[in-house]
Structure formats: C-alpha cells, structure tokens
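Read through the structure below, which is laid out as structure tokens, and then see the notes.
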Amino acid sequence: MPSLRSRLLLLVLLPLLPTLAFCAWLMAADYQEDVEDAQRNAALATRALAFAVDQKLSLSEAVLRGLSKSSALAAGRLADFHAEAQAVAQATGLVNILLVRSDGEHVLNTLKPWGVALPPIPVDAAWQRVFSQARAVARLSMSALLGHPVVAVAVPIELPGRGVPFALVAVLAQSQVQDLLVQAALPPSWVSAIVDSELRVAARSRDPRLYVGQRITPSLAAVLEQPDRANEGFFESATLDGQTVHTLYGRGPAHGWTVVVGIPQGEFTQPLQRTLAELGALGLLLLLAVLVLDWWWGRRLGRDVDALVELSAQVGGSSPHAIPPMQFAEADRIARAVMQADADLALARQALERKSADLREFAHAAAHDLHTPLRSVHSLLDVLRLRRGDALGPEGRELLARAAQAVERLHRMTRDLLMFATVDQADPAFLPVDLGRVVAEALKRLDAQVQAVQARVDVEPLPTVPGDTGQLLQLMVNLLGNALRFHGPAPCHIRVGAQPEPGGGWRIWVMDNGIGIAPEHREQVFGLFKRLGAGTPVAGGGTGIGLALCRRIVEHHGGHIGVESLPGQGSTFFFTLPSGGGDAGSALV
C-alpha cells in the first residue's frame with residue numbers, strides 16, 4: 001500500500017513533469033528554428049558566393065569575347081594581336097591569354113614573346129566542347145608553363161566559312177578564386193569550397209594546397225551530377241577529410257560552377273546539448289528541492305500521523321491520555337474528534353458494563369433462586385411416583401413422568417444459563433491445560449451415552465493450551481454430547497484432533513458422522529435457545545444453550561468457533577485457542 005509520503009511526492013512531481021516536458025518542447029522548437037535560421041543564412045551566403053564566382057568567370061568571358069572582335073585577329077596579324085592581348089591581360093588582371101587551334105596547336109601566349117615555340121595544348125572532352133558546340137567553357141586546369149593549377153576560361157572564335165578554328169583562353173590565378181572564399185567571411189568552422197563544372201575543387205577554405213585539383217567526394221558528386229538537380233540544395237554528406245557535415249550548395253547558371261558549404265553537425269547539436277545540460281541541471285535542482293520539501297513536509301505530516309495512530313490505539317483504554325501537539329490544523333481536528341469518540345465510547349462502555357452486570361446478576365439470581373424450588377419439585381414428584389404411582393393409573397403415571405422430565409430439563413437449563421452468565425467472570429490468568437486429559441474426563445462423564453449408542457471415539461494427539469480447565473471441560477462435554485445425541489443411522493463414529501494454525505495457536509476439531517446441519521443454519525446453532533435437529537434448529541434434545549455457551553467459552557479464551565457440515569454427511573465443529581507452548585500428546589479412547 002503506498003504511503004502518504006510517496007503520494008505527497010507524487011503530488012509535487014506531477015506538476016513538475018509537464019513543466020519539464022513543456023520546456024523540452026520549447027527547446028526542440030527553438031532548436032528547429034535555429035537550424036532553419038542557420039540554413040537560411042548559409043543558403044544566402046552560398047548563393048552570394050556562387051553569384052560572385054559566376055560574375056568573376058563571366059567578366060573574364062566578356063573580356064575574351066571583346067578581344068575576339070579584334071581587327072588584327074580577323075586580318076591574321078597575330079603579332080599585333082599578341083601585343084593587344086598582352087595589354088588586355090595586364091589591364092584586366094589576367095595571368096595570361098592564349099590562342100589555341102582546334103587541333104591543340106598553341107598559337108600564342110602572352111607570357112611568351114611572339115614567335116617563340118610553344119608546347120601543344122591537350123584538347124580533352126571539355127576543351128572539345130568549345131570547338132564542337134561553339135560555347136564558352138570555364139574549368140580548373142594545370143598550367144604547363146606555370147606548373148600549378150589555374151582557372152581557364154575559353155571562348156570560341158568563329159570565322160565565316162571556317163567554323164570555329166580558334167579558341168581564346170583567359171587564365172586566372174587560382175588565388176583569385178580563393179580570395180572569393182576569404183571575402184565571403186564565412187564562419188571558420190565551416191568547410192567551404194568552389195567546385196568547377198567537372199567537379200574538381202578549385203578553391204577550399206581549409207587546407208587548399210592539399211585538396212585543390214582533387215575531385216569531390218563520391219556522395220557529393222552523386223548529388224551534383226543528377227541531371228535534374230536544382231541550383232540549390234541541402235543534405236548531409238562528408239568532406240574530403242572525412243568530417244560529417246550538413247551540406248548546402250549553390251550553382252552558378254552561366255558556367256556550372258558550384259559553391260559547396262559544409263556546416264559541422266556540432267554547429268546545431270552543441271547549442272542543443274548545452275541547453276539540454278542546462279535544462280537537466282535545472283531539473284535536478286528542482287527535483288532536489290522537491291525531495292527536500294517532500295522530506296520536510298512528509299516528516300512533519302508523518303509525526304502527526306504517528307501521533308494520531310498512537311492516540312487511536314489508546315481509544316478504549318483505561319489510562320488517561322491527552323491530545324499531542326500537532327503540526328497541521330487538520331490533524332488537530334482529527335485528534336480532537338478521536339478524543340471525543342473515546343469519551344463517548346467510555347460512557348457507552350460504562351453503560352454497557354452496568355447493563356451486563358445487571359443482566360449477569362439477574363441471570364445468576366434467577367438461576368440460583370430457581371435451583372432450590374426445582375429440586376424440591378423434583379423430589380416431590382419422586383415421592384408421588386413411589387407412594388401413589390399405582391393409584392394413578394397408566395395415564396397419570398405418564399403425566400407424572402412427563403412432569404419429571406420437564407423439571408429435569410428446566411434444571412439443566414438454569415444450570416447452563418448460570419454458567420453462560422458467569423463465563424467471563426472467571427480469572428483471566430489462565431493455567432496450562434492438557435486438552436488430552438480434558439477430553440478423557442469429558443468422555444468419562446458421557447460414558448453412559450457412549451455405551452448407549454455404541455459409539456467409537458478416536459482422539460488424536462492434543463496440545464496443552466492456556467485456559468480454564470472447568471470451562472474447557474464443559475466445552476468438550478457439550479461438543480461431544482451433541483455428536484452422540486444427533487448421530488445418524490450408521491454406527492456413531494467421533495474423531496477429535498488438533499493442528500497448528502499458520503499464524504500461531506491451535507485449531508481443535510470434533511468430527512462426527514451424524515445427521516449434519518443445513519448451510520443456512522450453521523450460524524444460528526450458536527445462538528441462545530437454538531436446538532439442533534435434522535438439519536434445522538428445532539425443539540427437542542438439549543436446552544438450546546450448549547453451543548451458545550461453547551462460543552462464549554471459546555471467545556473468553558481468545559479464539560473463535562465454527563462448524564462445517566452438510567445434511568446427512570456429519571458435522572465438524574472446530575475452534576481455535578492460543579498456543580501455550582506445549583506439544584501435542586497422544587490419546588485413544
């Protein structure tokens with residue numbers, strides 16, 4: 001059964017748990033909002049950086065397209081065009097400008113004087129698109145002259161009737177693209193990169209020397225290579241150095257270069273973990289405060305409850321007691337109510353004791369006063385039967401016998417009634433009583449009845465119990481007498497035995513094979529003036545006080561009595577007695 005303190009703790013915790021749950025919900029909502037804000041800010045930064053890269057490449061493309069309109073180039077004066085291209089490169093901040101034939105011949109390079117032999121340019125599939133599709137291409141390329149990666153922007157030069165025999169290539173330093181990342185001023189914990197149209201790293205915010213020129217990770221490439229992918233996106237992937245990040249990308253529409261920004265997962269989880277830690281600490285503090293408050297209030301409440309239990313245990317006692325100091329007004333009102341109930345109970349007990357004393361005195365006086373006249377009437381009936389019996393005739397003698405029986409029955413009734421009234425007046429200081437000897441004495445007194453019905457009585461080992469020998473003897477005489485009186489058509493067989501009770505004490509039983517008792521009459525047979533018959537309480541047989549006296553004796557000894565029976569199947573009367581520490585002996589009669 002739950003204690004009052006545990007219920008008090010539950011009462012305090014119940015409002016606390018929804019509060020903590022609400023705080024957790026607010027935290028989750030705040031975390032989601034922070035994530036969305038970070039995604040929006042990162043998307044804006046990515047979009048702006050992609051636009052800057054696209055603008056950088058488009059500016060170089062515009063320079064080349066303007067240069068491709070040169071009259072010197074159109075007239076074939078390549079020396080003049082070389083000088084013109086050098087001036088444009090210096091003016092626009094380009095590293096150099098190349099003129100390349102469709103077969104890869106390196107016609108001129110502003111880094112070299114005109115007419116110097118130049119190495120051929122390998123025309124791969126990307127460069128081939130410039131000539132075959134007459135479209136501009138921007139890519140990261142390894143410069144044979146410079147020996148390090150550069151950004152190359154190529155535009156086709158179309159000539160009437162000749163298609164696209166040449167391509168102009170503008171070379172930008174890789175640092176110019178790297179500077180775009182620096183200028184974006186993204187958080188240092190983010191991993192950002194600029195990827196060319198062939199998915200190679202053109203610039204990187206972290207360790208660019210290690211990763212520029214490398215192809216991006218397969219997981220990121222799988223997303224960026226999708227033909228129907230959008231120009232922007234958000235997903236989870238890993239960087240080239242193995243860090244798991246939330247990835248955002250933005251692609252420039254003009255040249256297909258992509259800006260990729262990786263936000264470490266800790267950027268989102270660390271604030272959440274910090275808030276969770278704060279909430280956990282707050283929850284622990286609140287729980288500790290609740291436990292301390294529960295202990296303090298529970299201790300005060302427990303003292304009041306203990307005081308009320310102690311006060312209630314004293315109700316009905318004879319020793320005087322007062323209301324103890326209480327911590328709570330409600331407990332004080334309960335204590336005063338208990339005291340009032342105790343006072344009312346004392347008055348009722350006194351009144352009951354007076355009535356019981358008057359009743360016992362009346363029963364004792366009635367039984368005692370009737371005893372002598374009944375004995376005189378019985379003696380006179382005997383004298384009348386001896387002296388005038390022959391003169392009375394058969395009918396007179398029958399009436400005389402019936403009168404003698406009625407007097408004898410009334411005599412037994414007054415004797416039993418006197419004993420019934422005086423049971424609880426016996427000395428409560430019981431002495432050890434050997435029940436085996438008590439049963440043997442009871443059978444001696446009933447020997448005539450035993451012989452009359454030729455009964456077999458088996459007595460199993462019986463214990464020694466504390467009690468009043470005379471009362472326990474009367475108890476066994478009444479139970480055994482009923483078993484002999486109400487025997488059935490079969491030979492009368494009675495068994496007496498005992499067994500220990502689980503909670504201590506003994507269970508004594510008297511079993512017979514007599515006429516039995518109907519279930520609805522099992523409780524009635526222990527009432528005053530209820531006499532046993534064939535399954536029902538009927539007149540005849542005993543005085544109607546025997547079993548009521550048995551109950552009175554058993555209850556006076558601190559036990560209880562009952563019966564298990566069915567009509568025609570015999571009865572088992574049982575009663576309990578406290579243990580006196582003696583072991584069961586053995587007897588057989």
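The values are calculated or read from the model by the stated rules, or taken from the named source; none is laboratory data. The structure presented is a predicted model; accordingly, all values stated were derived computationally and were not measured. We place every Cβ from the backbone using ideal geometry, glycine too, and count neighbours over all the protein chains shown. These area figures cover heavy atoms from the full protein model, side chains too; ligands, DNA and RNA do not enter into them. Shrake-Rupley method; radii C 1.70, N 1.55, O 1.52, S 1.80 Å.
For the reader, a short list of remarks on this structure follows.
- Expressed as a fraction of 2.2 N^0.38 Å, the value expected for a compact globular protein of N residues, the C-alpha radius of gyration of the stretch 144-269 is 1.20.
- Annotation: for a label point projected 7 angstrom from Cα along Cα→Cβ of residue 254, residues of the stretch 121-161 with backbone N closer than 15 Å are 136-139, 152-156.
- Rel. contact order, % - alpha carbon contacts under 8 angstrom, at least six apart, the chain: 9
- Measuring nothing but how far apart in sequence close Cα pairs (under 8 Å, 6+ apart) lie, relative to its length, the stretch 18-145 scores a relative contact order of 12 percent.
- Alpha carbon convex hull of the stretch 65-174, projected area averaged over orientations, nm²: 6.3
- Between residue 41 and residue 27, the modelled label-to-label distance comes to 2.2 nm, taking each label 7 Å out from Cα in the direction of the beta carbon.
- Additional length obtainable on full extension of the chain from residue 520 to residue 55, 0.36 nm per residue less Cα span: 156.6 nm
- Cα gyration tensor category, rounded, prolate or oblate, for the stretch 69-117 with a/c compared to 1.5: oblate
- Each label point was placed 7 Å from the Cα along the Cα-to-Cβ direction; for residue 440 and residue 453 their separation is 2.4 nm.
- For a modelled paramagnetic label at residue 62, 7 Å from Cα along Cα-to-Cβ, the residues of the stretch 256-291 in reach, with backbone nitrogen under 19 Å, are 256-257.
- Helix 266-313 and the longest principal axis of the Cα set of the chain meet at an angle near 10°.
- Segment residue 290-residue 71, length gained on full extension (0.36 nm per residue, minus Cα span): 69.8 nm
- Between 0 and 90°, nearest 10: helix 469-485 axis offset from the chain longest Cα axis: 90
- Accessible-area composition of the stretch 123-263, carbon plus sulfur, in percent [1.4 Å probe]: 52
- Dividing the summed -39500 (n - 2.57) terms of all DSSP H runs of n ≥ 4 by the residue count of the chain sets its mean residue ellipticity at 222 nm at -18000 deg cm²/dmol.
- Per residue accessible area in Å² of the stretch 130-183, where ligands, DNA and RNA are left out and the probe is 1.4 Å: 41
- Relative to the dominant Cα principal axis of the chain, helix 435-445 is inclined by about 30°.
- Subtracting the Cα-Cα distance of residue 341 and residue 501 from their residue separation scaled by 0.36 nm leaves 54.1 nm.
- Shape of the chain, Cα gyration tensor, a/c cut at 1.5: prolate
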